[in-house]
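Quick notes on the structure that follows.
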Amino acid sequence: MKITVAKTAGFCFGVKRAVDEVYRQIETGLKPVYTYGPVIHNEQVMEKLEKKGVRVIRGEEELSDVSGGTIIIRAHGIGRDLEEKLRKTGCRIVDATCPFVKKIHEIVDQESKNGVTVIIAGNPDHPEVRGIKGWTNGPSFVVQTKEELEALKLPEGARAILVAQTTFNLQKFQELVEIFKKKRYYDRVVNTVCNATAERQTEALQISETVDAMLVIGGKHSSNTQKLCEICRTHCRNTYFIETLVDLEDKPFQSFCHVGITAGASTPNQIIEEVLEKLCQK
Ligand code: F3S
């Protein structure tokens, strides 16, 4: 069996930076170390960190139980109000928001201060998008589809800017840009899809066009992994989404001559290597 592993598979810069920060804080010995939400969408890594004493704050309602120690803001980032609430706990705040996400916060903060309406291409339920929305100072909207953008009606004289969740599908973003440019309130587009995402998506697409089966490795809740899967499926119908080695068991990989592997931004290299090793034995 021939196996092609994507060069871009695994931790992206922002996720690696956030995970490294958590380990750095553990090493300081200052306890407790909290992360606001799981630092990455990967159960295996989270279990490891929890064993080292890291506690996950799962929502604002849990902030009243937090005292002393350090709270780490994960790569997705959070909104301004929430950041304020974290500071009020009296804990030391370590901001591990990915700089690319931070850049979007700055853009929407500035633009909305100037009266510009912010339109975010992304998933409204994703923490990164909630965080971006949380830095706007006026009207903001989240759209996921062409239909949603078409249906959006802004008041007469309004100006609007379009930005994207960093993991938004680049091709879909470009489709939205075309529609947005035709709107009379069009002011500016800032392509904030992260390069790491774009490169990962492009490579996944290229590999999926040439293989018999495609394996996408990542956490069940990882939105960028789900998107990779979506992209691969459009070119390779034998696309499988697995989280760990265990999920590989019932998949019919013996029957394929050429298998491609890619992985989400929060997938540790160790899992990719284990899967690769297992496939080589098939
Ligand atoms: Fe940052 Fe891009 Fe990763 S925005 S968290 S480097 S996918």
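A few comments on the model shown:
- Computed over protein heavy atoms with a 1.4 Å probe, the carbon and sulfur contribution to the accessible area of the chain reaches 49%.
- Short-range pairs are left out: with C-alpha atoms under 8 Å and at least six residues apart, the relative contact order of segment 122-248 is 19 percent.
- Cα-based reach from K183 at 16 Å (exclusive), listing lysines while leaving out same-chain residues under 8 positions away: K146, K153
- The mean sequence separation of alpha-carbon pairs under 8 Å and at least six residues apart, normalised by the residue count of segment 100-193, gives a relative contact order of 32 percent.
- Working from label points 7 Å from Cα in the Cα-to-Cβ sense, the E175 to T234 distance is 0.7 nm.
- Prolate/oblate/rounded call for the chain, Cα gyration tensor, a/c under 1.5 rounded: oblate
- Simple point charges give the picture: +1 on the Cβ of Lys and Arg, -1 on the Cβ of Asp and Glu, and for the chain a dipole about the Cα centre of about 540 debye.
- Only Cα pairs under 8 Å and 6+ residues apart enter the sum, and on that basis the relative contact order of the chain stands at 22 percent.
- In segment 13-97, taking the dipole from charged Cβ atoms about the Cα centre, the farthest positive-side position among G29, S64, A96 is held by G29.
- Contour minus Cα-Cα distance for L276 and E84 (0.36 nm per residue): 64.7 nm
- Listed by chain and number, the lysines whose C-alpha is less than 24 Å from the C-alpha of K85, apart from same-chain residues fewer than 8 away, are K31, K102, K103, K113, K133.
- Here segment 100-193 is assigned +1 on the Cβ of each Lys and Arg and -1 on the Cβ of each Asp and Glu. Its dipole about the Cα centre then comes out at about 200 debye.
- Straight-line cross-link reach from K278 at under 17 Å between alpha-carbon atoms covers these aspartates and glutamates, not counting any fewer than eight positions away in the same chain: E243, D247, E249, D250.
- Taking every DSSP helix (H) stretch of at least 4 residues in the chain, weighting each as -39,500 (n - 2.57) and dividing the sum by the residue count yields a mean residue ellipticity at 222 nm of -13000 deg cm²/dmol.
- Cβ-defined net charge surrounding T202, 12 Å radius [Lys, Arg +1; Asp, Glu -1]: -1
The values are calculated or read from the model by the stated rules, or taken from the named source; none is laboratory data. None of these values were measured; they are calculated from a predicted model. Every residue, glycine among them, receives a Cβ derived from its backbone with ideal geometry; neighbour counts consider all protein chains shown. SASA here: full protein model, heavy atoms, side chains in, ligands and nucleic acids out. Shrake-Rupley method; radii C 1.70, N 1.55, O 1.52, S 1.80 Å.
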